[in-house]
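See structure below.
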Amino acid sequence: MAPQLTLQAPLDLPPEEVHPYLQRLWTHDLEGSIGAATFTLVVWEPSWLEQQMVRIGRVDGPITGLLRQELLEAARLALPDTDLPLSTAPMDPRLAWAIGQKDGDHKSQDLRGQFVESAISAHMPRRLITLAPTLDPGHPLETLVAAYCPLPEDGGAGAACGDVVVLRGGMGALQQSLDLFQTLVDESLPCWVWWNSSLDEPSEMLEALAPVPRRLVIDSSLGEPRRCLDLMLARISAGQAVNDLNWLRLRTWRESLAMVFDPPSRRDALGHVVQLDIDVEGDHPVKGLLLAAWIADRLGWHLVSSYAMEVDGPGQGITAEFERTDGVGVQFTLMPVPMGVPKTHPGAIVGMRLICEPQQRPPLCVILCSESGGCMRLESGGMASIDLAEGVVPLPEESEEMEMARLLSGGHDSTAPLLAAAVPMAASLLPA
């Protein structure tokens, strides 16, 4: 975390005093400080997994809302004590729910929302509002306010100051605080809403926090797949700026595939794809569908049909047929693959295979694999007479806060065109 100069120490206030106190803070108490004229960042921060792991004594507090490595490792160790498959990702909402069924009453300090991560702080948010629901549904509303200034790491001047507001309590108390929340959002400034949790949670809260034209940030790896894709599709169709952290994690896959076809000798093969196979971890297909949809959109394919396919183990496979611009069919298969040590988020891509049959040239097979897992299934099937190109896709190491900072640096008030084009196709690929 970058150094912070605290202008006003964190202060617990009665809810009705929060808004007038903030007005008085900047107009009288801190007249010598410059309030940033930038944006508001709203974060829905349940941190259900962290709260449950602290409650049963598997990790130490305080509760911060950050995906620290200690928490992820403890979640993996707790998985065998549940009825979930061992390939379940630590951030799968089902794991937090399963741990919630276990006994435990450990307490710890709750510091959600009280720190500004350095990557986000660098963009000098005018106001950071964190809504932190507690495990106890009857917990009364607590409100906390602080003012801060990021200190430039190069020692220079020019940092503008902002404030932090935390609303913490049971779900009912937070729902009753929505009128207060709305008064804290300055409609004259851009507002980003980071829904940092599963999309299966009550839609009423999401609707209240993130109406158009606020910019919505979600993670389509968290939640029932149809719900994730339909929500994105509806919000994009309504003209809202939607950003998906799951889509951002595909960046290295898209870049690696583009590099394979960068040599002039291979570019023509892209117009002659006949087969696309994608393997994903576990039973969450959204990330694989988004990658397939991006490829199909970029190459101008038309979706003909899509079906669910029974496979061994949890989840279902998906098989589909596309039609190229020249009328030739392309077969697509998405296969769920169990992994002994799954990555952090559900549905991470294990590998992909693209087979091309250019005219008057040997067939080309492109296989890309995750650096944390092999692609033996994709490498099978008689490759002797095929020109084979293989590559390892590096895993992005940025934290969610770093990815959020990347979005803030772009400042876009519309959905990225590639994502906007991929979501409708991905939604159509997912069988009913």
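In the set (1) farther than 19 Å from THR40 by Cβ; (2) modelled with pLDDT of 95 or more, GLY155 fails one condition alone, (2).
Within this structure, GLY239 passes the test of being at pLDDT 95 or above, more than 27 Å from ALA89 (Cβ to Cβ) and open to solvent by 20 Å² or more (accessible area, probe 1.4 Å).
So which of SER385, SER380, SER409 ends up being of a type in the set (S, T, N, Q) and either under 20 Å from ILE295 (Cα atoms) or modelled with pLDDT of 75 or more (or both)? If you could, list the steps in order and put the result at the bottom.
On the way: SER385 fails: either under 20 Å from ILE295 (Cα atoms) or modelled with pLDDT of 75 or more (or both); SER380 fails: either under 20 Å from ILE295 (Cα atoms) or modelled with pLDDT of 75 or more (or both).
Criteria check complete, one pass: SER409.
Against the criterion of being at pLDDT 95 or above, farther than 28 Å from ALA147 by Cα and loosely packed, with under 15 Cβ neighbours inside 10 Å, GLY57 qualifies.
With respect to the conditions (1) farther than 24 Å from SER47 by Cα; (2) out of contact with any helix residue (DSSP H, G or I) (no Cβ under 6 Å at 6 or more places or on another chain); (3) of a type in the set (Ser, Thr, Tyr), THR183 falls short on a single one, namely (2). No other residue among ALA258, ALA234 is over 26 Å from PRO190 (Cβ atoms), without any contact (Cβ under 8 Å) to a residue 24 or more places away in the chain and out of contact with any Cys (no Cβ under 6 Å at 6 or more places or on another chain) apart from ALA258. When ARG377, ARG406, ARG353 are checked against the criterion of being closer than 25 Å to LEU67 by Cβ and of a type in the set (Lys, Arg), ARG406 stands alone in meeting it.
Among GLY104, GLY100, which is touching a helix residue (DSSP H, G or I) at 6+ places or on another chain (Cβ under 9 Å) and over 22 Å from ASP200 (Cβ atoms)? Show your work before the answer.
Details: GLY100 fails: over 22 Å from ASP200 (Cβ atoms).
Of GLY104, GLY100, the one residue that is touching a helix residue (DSSP H, G or I) at 6+ places or on another chain (Cβ under 9 Å) and over 22 Å from ASP200 (Cβ atoms) is GLY104.
In the range 405-417, the residues that are closer than 17 Å to VAL212 by Cβ reach residues that are part of a helix (DSSP H, G or I) and open to solvent by 20 Å² or more (accessible area, probe 1.4 Å) with C-beta atoms within less than 6 angstrom, at least six apart or across chains, in these pairs: THR415/ILE236. Taking the range 325-339 as the range and being buried (at least 16 other Cβ atoms within 10 Å of the Cβ) and in a strand (DSSP E or B) as the test, the residues that pass are VAL330, PHE332, THR333, LEU334, MET335, PRO336, VAL337.
Every condition in (1) open to solvent by 50 Å² or more (accessible area, probe 1.4 Å); (2) at pLDDT below 95; (3) of a type outside the set (A, V, I, L, M) holds for ASP200 except the one numbered (2).
Which ones in the range 242-289 are in a loop (DSSP other than H, G, I, E, B), more than 15 Å from the chain's Cα centre (by Cα) and crowded, with 17+ Cβ neighbours inside 10 Å? Give the steps one after another, and end with the answer.
If we filter the range 242-289 for residues that are in a loop (DSSP other than H, G, I, E, B), which is where we start, we get 249-250, 261-263, 282-285.
Next, from what is left, pick out any that are more than 15 Å from the chain's Cα centre (by Cα): 261-263, 282-283.
Selection gives PHE261, GLY282, ASP283.
Listed residues VAL116, VAL42; which is open to solvent by less than 20 Å² (accessible area, probe 1.4 Å), modelled with pLDDT under 95, of a type outside the set (D, E, K, R) and under 21 Å from the mean Cα position of the chain (by Cα)? When all the criteria are applied, what remains is VAL116. Among the residues in the range 90-97, are any open to solvent by 20 Å² or more (accessible area, probe 1.4 Å) and over 23 Å from GLU201 (Cβ atoms)? Scanning the range 90-97, I find no residue that is open to solvent by 20 Å² or more (accessible area, probe 1.4 Å) and over 23 Å from GLU201 (Cβ atoms), so the answer is no. The set of residues from the range 290-307 being of a type in the set (A, V, I, L, M), touching a Ser or Thr at 6+ places or on another chain (Cβ under 8 Å) and more than 23 Å from ARG249 (Cβ to Cβ) comprises just one member, LEU303. A single entry from ALA296, ALA292 fulfils the requirement of being touching a helix residue (DSSP H, G or I) at 6+ places or on another chain (Cβ under 8 Å), open to solvent by less than 30 Å² (accessible area, probe 1.4 Å) and over 29 Å from LEU86 (Cα atoms): ALA296.
Flag: VAL274 matches the condition of being more than 23 Å from SER414 (Cα to Cα) and among the β-branched types (Val, Ile, Thr).
I'm checking my understanding of the structure. Among residues of the range 74-89 that are over 22 Å from LYS107 (Cβ atoms) and of a type in the set (D, E, K, R), which one is most open to solvent (accessible area, probe 1.4 Å)?
Just the residues of the range 74-89 that are over 22 Å from LYS107 (Cβ atoms), to begin with: 76, 79-80, 82-89.
Now narrow it down to the ones that are of a type in the set (D, E, K, R): 76, 83.
Working: ARG76: 56, ASP83: 161 Å².
Across the range 74-89, the extreme among qualifying residues is ASP83.
State the number of residues belonging to the range 340-360 that are assigned to a strand (DSSP E or B) and either under 21 Å from ARG249 (Cα atoms) or open to solvent by 60 Å² or more (accessible area, probe 1.4 Å) (or both). Final tally of qualifying residues: 6. Of all residues in the range 98-113, those that are within 30 Å of MET404 (Cα to Cα) and either open to solvent by 60 Å² or more (accessible area, probe 1.4 Å) or modelled with pLDDT under 85 (or both) total 2.
Just to verify a result, which residue in the range 389-423, among those that are acidic (Asp, Glu) and crowded, with 18+ Cβ neighbours inside 10 Å, is nearest to THR130 (Cα to Cα)? Steps first, answer last, please.
Step one: of the range 389-423, the residues acidic (Asp, Glu) are 390, 397-398, 400-401, 403, 413.
If we keep only those that are crowded, with 18+ Cβ neighbours inside 10 Å too, we end up with 400-401, 403.
On the way: GLU400: 16, GLU401: 14, GLU403: 18 Å.
This residue is GLU401.
I need a count of the residues in the range 12-39 that are at pLDDT 90 or above and assigned to a strand (DSSP E or B). The number of residues fulfilling the criteria is 2.
The values are calculated or read from the model by the stated rules, or taken from the named source; none is laboratory data. Predicted model only: the values in this text are computed from it and were never measured. Because the Cβ atoms are built from the backbone with ideal geometry, glycine has one as well, and the counts that use them run over all protein chains shown. Side chains included, ligands, DNA and RNA excluded: accessible areas come from the protein's heavy atoms. Shrake-Rupley method; radii C 1.70, N 1.55, O 1.52, S 1.80 Å.
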